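K.L.:
Below you will find the structure I want to go over with you.
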Amino acid sequence: MTDKKNLNWEISVLEAQTGTGKSLWKAKAKETKRQREKAKRDKQAVKSADQGSTAATMTPDSNNTEDAEAKLQKLRKEKVDRKLYTIQKRSKALVSKLVQFEQQRLKRKIQDSTDSSNEELEKDSETTKGLPLDGLVECMMYRIKKRSPALAKAYD
C-alpha cells in the first residue's frame, strides 16, 4: 500500500513557515499552534529533568526557511505529479473510448453507404484502427504541461 500524505496540509504549514501562499492566515495559525505545543513539551521536559529555571521559548528557526522552501517546492511538484498521473490515466481511457466510437460510426456508414464511397470510408476505418493511443495521450499531456502556468511554476 502506498503512503498517501496530506499534501495540502503539509504545503500550508510550509507556506506559513516561509511566509508565502494563498491561505496564509490558516497556515500561520497552524504553525503557531505547533510551536506552542512544542514549547509546552519542551517546558515540561525541562521541569521533569530539574535543569533549573531555563525554559524553552517560541522562537521560529530562521535557518530552516531555506529547507522549508526546498521542501515546499518538492511537495508542490509531488502534488502536481499526482494530478498529472490521474489526468493521464483518465485521458487514456477516454481516448480509447473515442476511437472505439469512431470505428463503430465508420462501420455503420460503410454498411449503409453505396459502393463508390465505401473505399474512402474503409481507408478512414483502417486509419482509426492503427492509431497509437499512447502517442496521442503523450501528445495531449505535453500540450497540457506546456500551456499551464501552475505546472510551469511547479517544475521551476
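K.L.:
Give me the number: length gained by fully extending ILE110 to SER148, i.e. 0.36 nm times residue separation minus the C-alpha to C-alpha distance, one decimal in nm.
P.N.:
Extra length available between ILE110 and SER148 comes to 9.6 nm.
K.L.:
Here's another thing I want to ask about it. Using a cut-off of 23 Å between alpha-carbon atoms, which lysines can reach LYS79, once sequence neighbours fewer than 8 places away in the same chain are excluded?
P.N.:
LYS4, LYS5, LYS22, LYS26, LYS28, LYS30, LYS71, LYS89, LYS92, LYS145, LYS146, LYS153
K.L.:
Express in nm, to one decimal, how much length is gained between GLU119 and MET141 on full extension, taking 0.36 nm for each residue of separation and deducting their alpha carbon distance.
P.N.:
Net length gain for the segment: 4.5 nm.
K.L.:
Can you give me the distance in nm between label points at ILE87 and GLU126, each placed 7 Å from the Cα along the Cα-to-Cβ direction?
P.N.:
Placing both labels 7 Å along Cα→Cβ, they lie 3.6 nm apart.
K.L.:
In addition: For LEU133 and ALA49 in the same chain, what is the full-extension length gain: residue separation times 0.36 nm, less their Cα-Cα distance, in nm?
P.N.:
My answer for the length gained is 23.6 nm.
K.L.:
Next up: Name the long-range amide H neighbours of LEU131: under 5 Å, sequence gap of 5 or more, or other chain; modelled H, no Pro or chain starts.
P.N.:
none
K.L.:
Expressed as a rounded percentage, what relative contact order does region 76-150 have, with Cα pairs under 8 Å and six or more residues apart?
P.N.:
38
K.L.:
What distance in nm separates the two pseudo spin-label positions at LYS4 and ARG36, each 7 Å out from Cα along the beta-carbon direction?
P.N.:
Between LYS4 and ARG36, the label points sit 3.1 nm apart.
Bear in mind these aren't lab numbers, they're just calculated from the coordinates by the rules spelled out. In this text the structure is predicted, and so the values were computed from the model without any measurement. Quick reminder, even Gly has a Cβ in these numbers, built from the backbone with ideal geometry, and neighbours come from all protein chains shown.
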